[in-house]
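Bear in mind that the values in this text are calculations on the coordinates, not laboratory data. This structure is a prediction, so every number in the text was calculated from the model and none was measured. Cβ placement follows ideal geometry from the backbone for every residue including glycine, while neighbour counts extend to all protein chains displayed.
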Amino acid sequence: MNSWHELPRAAFDVETTGRDPHEARIVTASIVLVNGRGAPLQQHEWLVNPGVPIPEEAAAIHGITTERARKEGQDAAEAVAQIAGTLAGYFAAGIPVMAFNAAYDFTVLAAECRRRGLAAPAPRPVIDPYILDKQMDRYRRGKRTLVALSELYQVGLDAAHTSAADALATIGVADALARKYGTLRMEPGQLHDSQVGWAAAQAASFQEWLRRKQPDAVVDGVWPVRQPAGGCHT
């Protein structure tokens, strides 16, 4: 039986207006589908008018200004519906979707769907190389960003913080992890369930470390979709 990294698989990435996934609006999104050899089969791209100003610090990261989004961007409700529908189709077909720090991307999408009165896809199976790397190499020092892991695992990433490049790099890093660590070569649904537990344990460990100096620190370990504190945000 082939491992998930030898089967058709997809990757999802968003660039947004901010860091808080419950408040951030999608500015660009990419979904890439590859075959068992990693060759692209489909690539979906969205440039979205989020309906709110894009902060300068966010634009400096992904390169999309408020002016460009307003001029060239797709209506947000229409784009979110298309993104959710594309992902739902892959999940229904049993195709694993990879996302780096998936709890951010899928929480952003869930919040956007709530805003638009749309049904968010149930994200399963999801594969998150951020969680996998932390689980397999727990004590390695240094950054665990997509850029850092792409360098570590020798995966090309020529245009970091563009959603298309990040999506392709996410597949590359996930594949490299599967090749290096045989214990990750399991059925996608089983790996998804394992990551739920790993994410919770990783968050608990980080929270314990933070509380040495910040007694009230809280780290949310829910994966791959987090709920906003105190109900839905708009």
Listed candidates (i) 17.2, 50; (ii) 17.8, 54; (iii) 18.5, 67 - label of the one calculated as Rg and Dmax of the Cα atoms in Å: (i)
Relative contact order of the chain, pairs being alpha-carbon contacts under 8 Å that are 6 or more residues apart, as %: 22 percent
Cα-based equivalent ellipsoid, segment 1-50: semi-axes from gyration tensor eigenvalues, Å: 29, 13, 5
Beta bridge orientation in the chain: antiparallel %, DSSP, nearest 5: 70 percent
Amide proton proximity set for MET98, modelled H, under 5 Å, gap of 5+: ALA10, ALA11, PHE12, ILE127
Pairwise Lys count, the chain - Cα closer than 22 Å, eight or more residues apart or different chains: 4
Contour minus Cα-Cα distance for GLU57 and ALA88 (0.36 nm per residue): 8.0 nm
Order of ASP13, ASP20 under a 10 Å beta carbon neighbour criterion, fewest first: ASP20, ASP13
R0 of 41 Å, Cβ-Cβ distance ARG141-GLN190: FRET efficiency to nearest 0.05: 0.85
Inverse mean reciprocal Cα-Cα distance (Kirkwood Rh) of segment 88-196, Å: 14.7 Å
Label point distance in nm, ALA204-GLN227, each placed 7 Å from Cα along Cα→Cβ: 2.0 nm
